[in-house]
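Nothing in this text is a laboratory measurement; each read-out follows from the coordinates by a stated rule. Since this is a predicted model, take the numbers as computed values, not measurements. No Cβ is skipped: glycine too gets one built from the backbone with ideal geometry, and neighbour counts run over all protein chains shown.
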Amino acid sequence: MQSMSALTRRGWLSTLWNQLRPEVPTDAETGAVALFQGALWSRHLDGSEGLSLTCTEGQLWLTFESDPRDYILEPGSTLRLAKPGLVVVQATRPSRMRLAKASHVA
């Protein structure tokens, strides 16, 4: 059985994490996401979502599960998320990104 201090520490860390983690769009399809430096955002795609990711502020590093290349996105850069598998985005500095249906990207 775990000690009370371990449970309290876990509860405290969980609460802190929930307050600090970046906001993810509520509809899980489109929207703006703010990431602090070093923060990660990931999503498992089936390839049919038709999403595009645009860096609107900062700098993002992006990698796809089935792609040997990595991508660096600067403000104004857009990448279509058309491949199935896991996509991982990390903010190399405080950043904002926007997810949109590919047909809605300007």
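Of everything in the stretch 33-47, what is farther than 13 Å from LEU81 by Cα, out of contact with any Gly (no Cβ under 8 Å at 6 or more places or on another chain) and assigned to a strand (DSSP E or B)? Give them in sequence order.
Passing the criteria: VAL33, ALA34, LEU40, TRP41.
How about the stretch 64-94: which of its residues are more than 18 Å from ALA39 (Cβ to Cβ) and surrounded by fewer than 12 Cβ atoms within 10 Å (Cβ to Cβ)?
Across the stretch 64-94, the qualifying residues are SER66, PRO68, ARG69, GLY76, ARG80.
Any idea which of THR92, THR78 is within 12 Å of THR54 (Cα to Cα) and not basic (Lys, Arg)?
On the way: THR92 fails: within 12 Å of THR54 (Cα to Cα).
Step by step, each of THR92, THR78 is checked, and only THR78 is within 12 Å of THR54 (Cα to Cα) and not basic (Lys, Arg).
So which residues in the stretch 76-103 are in a loop (DSSP other than H, G, I, E, B) and touching an Asp or Glu at 6+ places or on another chain (Cβ under 6 Å), if there are any at all? Walk me through it before giving the result.
At the first step, the residues of the stretch 76-103 found to be in a loop (DSSP other than H, G, I, E, B) are 76-77, 82-84.
Correct list: PRO84 only.
Working only within the stretch 65-89, note down all residues that are without any contact (Cβ under 8 Å) to a residue 24 or more places away in the chain and not acidic (Asp, Glu). Quick ask: steps written out before the conclusion?
The first filter runs over the stretch 65-89 and keeps only residues without any contact (Cβ under 8 Å) to a residue 24 or more places away in the chain, leaving 65-72, 74-77.
Those that are without any contact (Cβ under 8 Å) to a residue 24 or more places away in the chain and not acidic (Asp, Glu): SER66, PRO68, ARG69, TYR71, ILE72, PRO75, GLY76, SER77.
What are the residue pairs meeting all of these: first residue in the stretch 36-59, first residue farther than 16 Å from LEU73 by Cβ, second residue basic (Lys, Arg) and in a loop (DSSP other than H, G, I, E, B), Cβ atoms under 8 Å, and 6 or more apart or on different chains?
From the stretch 36-59, the pairs are LEU45/LYS83; GLY47/LYS83.
Counting only residues that are charged (D, E, K, R) and assigned to a strand (DSSP E or B), how many does the stretch 48-75 have?
Kept after step one, since they are charged (D, E, K, R), are these residues of the stretch 48-75: 49, 57, 65, 67, 69-70, 74.
Those left that are additionally assigned to a strand (DSSP E or B): 57, 70.
Of the residues in the stretch 48-75, 2 are charged (D, E, K, R) and assigned to a strand (DSSP E or B).
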